[in-house]
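The values are calculated or read from the model by the stated rules, or taken from the named source; none is laboratory data. A quick note: this is a predicted structure, and the numbers were derived from the prediction, not measured. Glycine gets a Cβ as well: all are built from the backbone with ideal geometry, and neighbour counts include every protein chain shown.
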Amino acid sequence: MPDRVYLDNSATTQVARAVVDAMAPYFDVRYGNASSLHSFGQEARHAVEESRESMADSLGVRADEIVFTSGATEADNLAIVGAALARSGGGGHVIASKVEHDAVLRAVEWLQPMGFAVTLADVDGTGRVDPETVRAALRKDTFLVSIMAGNNEIGTLEPIAEIGRICRERGVLFHTDAVQALGKVDLPMDSVDLLAASAHKLHGPKGVGFLYARRGTRLVPLTHGGGHERGLRSGTENVPAIVGFAAALRLALAERDEVTARMWRLRRRIIDRVLRMPGTRLNGHPEDSLPHITNFSFAGIEGESLVMKLDEAGIAASTGSACSSPNLEPSHVLVAIGVPLSMAHGSLRISTGRDTTDADVERLLDVLPRVVGELRAMSPFKVGE
Amino acid sequence: MYTEKVIEHFRHPHNMGKMKEYSAVGRVGNILCGDVMWLYIRVERDATGREVIADVSWETFGCTAAIATSSMVSDLAKGRTLEEAIAISNRDVANQLGGLPPIKMHCSGLAADALSEAIYEYLTKEGRDIPAALQARHEHIQKDMATLEERYKVFLDRDPSKGKTDEAPSCS
């Protein structure tokens, strides 16, 4: 196969060479258990704590507010379920949005039969949660609000600083899933109590994430054992991955202006060209967005076959199409922003990374009209005839 | 996830496109569920006077499996007598493709249904007797499609402010 073009960076990213290099010694040279007393253990402990401090510094938080986890799903669960279980007396009310990642939606759903009430806030046509919607949904017994920083399917940024302020005024914990936003946009750490992120979305390794938990936030751990991570997350630290996460974040922040400026330029070009094709719509917000995620719908065709056709042409992207879900239900995000169901099935998510070039995007834009045309020729629903 | 055969049919589908002069068409699926199949047949009498499916073609909106099963069912039906074609099952379609992921099995059902509906329409147009099994299948397919539309109506009309996790309808 000729060079493949990877435009699925919101699924995962290529681990940067500098990150691989930073991790390497912790597999076979400094391989100690960070809990061990001897020098091997001390080396590992030092690496973990140095990583924690480096990440905390760049976020402007304290090192002891960072809890390493196996990824953002675990961090989201620890934030939501951990905060719920820490409620004395049990029960209470949680607010999330309809466009949250499944890690948040399934976690709040899981709380329901445990006696917790859940409100899922509506979003507007671009996927944005109005802070006033959150304010209006607050109840006396609301203890947690969880609204993502930037949407993983459509890229829309949420007004988390404002929502966080509203929560703070009312003494309600505010959690944000910042998986796609970390390293791309400024995070208003002053306004959040809990924040989940993972390494593999920013050119770091899979299998590591963190939960930022503001000092004084009461959480009940979900894993029990050796009392690692201040008792919040038992389990031997994944030392190479933690080192890799810190290296990836350092790299992302060092290159941020340059990389996100390029991503914006590419995104604007993609939007301009795709919307010139008949029967297309942009899902999300044209400007108030993460720079790397762009989502479209194509009338008359189905997303999974579009992804397969692009793959055949050497281009990797993804879809929120229903065809990969058990009940053929299209993406809950596209449904929540009011994409007609017929078009929700024909969605394509294009997500760029730090290495995406103009040539990569040109190749996509060359191939896309052809494959869309081929699939429309097969479809009973004709567009632009 | 998909067999080579599925990918092969998806990449190079057989008998694709609308037929200019067709005897009947079977229309199944629902765009709201993400797959729709229209299958055209032209029925002719062969040298021995039997009615055969002289030509088949299709138009499909759907995933890789939906397109591959459309292609496969058209291959299976072409040149067959009506009786033989009626007997083509979703199992046959899936098996000929070397199997489908469990989640995609309904696509093979859709393809077999489209063929069966096309034959039903042909026999009805011709004023022929409809075999009992074909009649039952037709009623079943129509009932399923009506149920889905009703379910989606609820889905589309639902009050989004209720603040409960959406319960989307199941198409399978």
- Please state which one of A:Arg354, A:Arg349 is crowded, with 23+ Cβ neighbours inside 10 Å, closer than 24 Å to A:Arg256 by Cα and assigned by TED's automatic domain parsing to the domain that holds A:Met263. A:Arg349
- Residue satisfying condition, being part of a helix (DSSP H, G or I) and more than 23 Å from A:Leu202 (Cα to Cα), within set A:Arg273, A:Arg269: A:Arg273
- Message: Looking only at residues that are of a type outside the set (Val, Ile, Thr) and surrounded by 20 or more Cβ atoms within 10 Å (Cβ to Cβ) in region B:31-50, which one is farthest from B:Arg151 (Cα to Cα)?
- Response: B:Tyr40
- Query: So which residues in region A:197-221 are of a type in the set (D, E, K, R) and outside any loop (DSSP other than H, G, I, E, B), if there are any at all?
  - Reply: A:Lys201
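Just a yes or no: is a residue in region B:3-24 closer than 23 Å to B:Ala133 by Cα and modelled with pLDDT of 95 or more? Break it down into steps so the answer makes sense when it comes.
Within region B:3-24, the subset closer than 23 Å to B:Ala133 by Cα is B:23-24.
If we keep only those that are modelled with pLDDT of 95 or more as well, we get B:23-24.
Yes, region B:3-24 contains a residue that is closer than 23 Å to B:Ala133 by Cα and modelled with pLDDT of 95 or more.
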- Task: Take region B:122-155 and flag every residue that is of a type in the set (Asp, Glu) and modelled with pLDDT of 85 or more.
- Result: B:Glu126, B:Asp129, B:Glu139, B:Asp144
- Query: Given the conditions (1) in a loop (DSSP other than H, G, I, E, B); (2) under 18 Å from A:Met308 (Cβ atoms); (3) within 15 Å of the chain's Cα centre (by Cα), and given that B:Met1 satisfies all but one, which numbered condition is not satisfied?
  - Reply: (3)
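Looking for whichever is touching a helix residue (DSSP H, G or I) at 6+ places or on another chain (Cβ under 7 Å), without any contact (Cβ under 8 Å) to a residue 40 or more places away in the chain and assigned by TED's automatic domain parsing to the domain that holds A:Gly150 here; the options are A:Ala47, A:Ala56, A:Ala96. Which one fits?
Details: A:Ala47 fails: without any contact (Cβ under 8 Å) to a residue 40 or more places away in the chain; A:Ala96 fails: without any contact (Cβ under 8 Å) to a residue 40 or more places away in the chain.
None of the others qualify; the one that does is A:Ala56.
With the structure loaded, tell me whether A:Gly92 is closer than 20 Å to A:Ser289 by Cβ and away from chain B (no Cβ under 14 Å) or whether it fails that test. Working first, answer last.
Numbers: closer than 20 Å to A:Ser289 by Cβ: no; away from chain B (no Cβ under 14 Å): yes.
Here the answer is no, as A:Gly92 does not meet what is asked.
Residues to consider are A:Glu304, A:Glu312; find the one that is in contact with a helix residue (DSSP H, G or I) (Cβ under 7 Å, 6 or more places away or on another chain), assigned by TED's automatic domain parsing to the domain that holds A:Leu365 and closer than 30 Å to B:Arg151 by Cα.
A:Glu304
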- Task: Output the number of residues of region B:4-27 satisfying the condition of being touching an Asp or Glu at 6+ places or on another chain (Cβ under 7 Å), part of a loop (DSSP other than H, G, I, E, B) and among the charged types (D, E, K, R).
- Result: 1
- Task: Output yes when any residue across region B:67-77 is facing another protein chain (nearest Cβ under 8 Å) and either touching a Gly at 6+ places or on another chain (Cβ under 6 Å) or of a type outside the set (S, T, N, Q) (or both), and no when none is.
- Result: yes
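Could you check region A:82-114 and list, in sequence order, the residues that are in a loop (DSSP other than H, G, I, E, B) and modelled with pLDDT of 95 or more?
A:Ala86, A:Lys98, A:Val99, A:Glu100, A:His101
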